[in-house]
Structures are given as structure tokens and as C-alpha cells.
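K.L.:
Quick one: the structure is below, and I'll ask about it shortly.
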Amino acid sequence: MSELNRRSFVEAALAAAPLLVLGQSTKSSAPASTDAKGVLVPHGEDREGEHHSIGISSTDFKVTTRDSGGALFLFEHTNAKKGGPPRHLHHNEDEWFYVIEGDYTLEVGSERFHLEAGDSILGPREVPHAWAFTGDTPGKVLIAFAPANKMEAFFRDNAKHFHGGNYANEAQIYRAYGMELLGPPLSAG
């Protein structure tokens, strides 16, 4: 993982952080107006009051693309069953994972990592990756994309993509959202 990729993700996330609190777009360099408000998303809730089902798990959006002016999309992903998405890569987004609870296995490039509560890892754009929930108790991971691009739309449209509780395995779906499908999911065994 190159220092440049890590730096670009961190810079985008840090640039968006103060704007998320103020509710201001990243496209404006003007100071926040005095009527700008923070966006509170209570524990266990979704930013817009919707809960999303993705494959074998559920998600709650915490920071939407609109909230950050396109700089960041962040959601909390809860797993009750083992498994995860197929190996893929993002052409335009860095993806960051932070484990809140449970056990996860992630592959980034040719390296495999075991993550537990408090661990995080960056999946840089253009680097193949896959992950799987592997724990015996429920798991929860915070996942962020910077910049947001089409990732929120991908997860919002999940009903069309995730059939029978399985992640989408159709290359054209991934391409439509700026990703490439590269292989099967990791074994969660």
C-alpha cells in the first residue's frame, strides 16, 4: 500500500471531518454560516431513518454523500452470519474498515489480516480486496469510502443486487458503480 494512497484517504477524511460537523459542502471554502447544524445519528439508527439489508448483514448509514459534499460516505455494518462480499476493487475510492466488535478477515492485495475490535485497515483504490465476518458472536464494522462517488448509490440500490441473501456476483453491476468484480468471497469457515 503506497504512502500516497494512504495520505490521499487520510487527507480526504480529515478535510471532510470539520465539514460534517458544520453540515457544509466540501466544494465551498467560505466560512460556515451561523445557522449550520451538526448531524447527530443516534446509536443503532440510520442517518435517514432507514435500515438497509446487504447480503447477509444490515447497515446503517452514518454520513451520507450529501452530508460531506461528496467527500465521504460512512456506514455501520452489522453481521449476524459469517461471510462477506466477493473480491473486488474500487477505481475511484479508498475504503477504510474499523472493527467495532467481532472478528473479521480482510485481504488487501496479496496480504491477509485478522481484525478484532479496535483494529482498522485501509483498502486503497485500485488494490484488490475482500473481507469476511468470521466470528462466532455478532460483528460490527464501520466502513468509509473517500471520496464517496457512487458508493452510497451502490448500497442504496442493494435490493436489485443482493438476491437470496447473497452478495452480487455480476461484473456489470460492479462496473456500473466504478468497481471491478475479481473473484469469489473469502472463506468464512
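We did not get these values from a lab; they are worked out from the coordinates using the rules stated. Predicted, not measured: the structure shown is a model, and the values here were computed from it. Note that each Cβ is placed from the backbone with ideal geometry, even for glycine, and that neighbours are counted across all protein chains shown.
K.L.:
Per 5 Å bin from zero, what fraction in whole % of the C-alpha pairs of the stretch 47-96 is there, up to the bin with the longest pair?
P.N.:
With a bin width of 5 Å, the distribution comes to 4, 17, 21, 25, 21, 9, 1.
K.L.:
Amide H to amide H under 5 Å from residue 54: which residues, 5+ apart in sequence or cross-chain, H placed 1.01 Å off N in plane?
P.N.:
59
K.L.:
Tell me, what ³J(HN,Hα) does each residue in the stretch 113-121 have, in order and in whole Hz, if you take phi through Karplus 6.51 cos²θ - 1.76 cosθ + 1.60 with θ = phi - 60° and put x for Gly and Pro?
P.N.:
Values per residue, Gly and Pro as x: 10, 9, 10, 10, 3, x, 8, 9, 8 Hz.
K.L.:
Determine the equivalent ellipsoid of the stretch 48-136 by diagonalising the alpha-carbon gyration tensor, then write out the semi-axes as square roots of 5 times the eigenvalues, largest first, rounded to whole Å.
P.N.:
On the way: eigenvalues 84, 64, 27 Å².
Taking √(5λ) for each eigenvalue gives 20, 18, 12 Å, largest first.
K.L.:
Here's a follow-up. Within a Cβ distance under 12 Å of residue 64, other residues only, what is the Lys/Arg minus Asp/Glu net charge?
P.N.:
On the way: positive: 47, 62, 66, 156; negative: 46, 48, 50, 60, 67, 152.
Counting the neighbours of residue 64, the net charge comes to -2.
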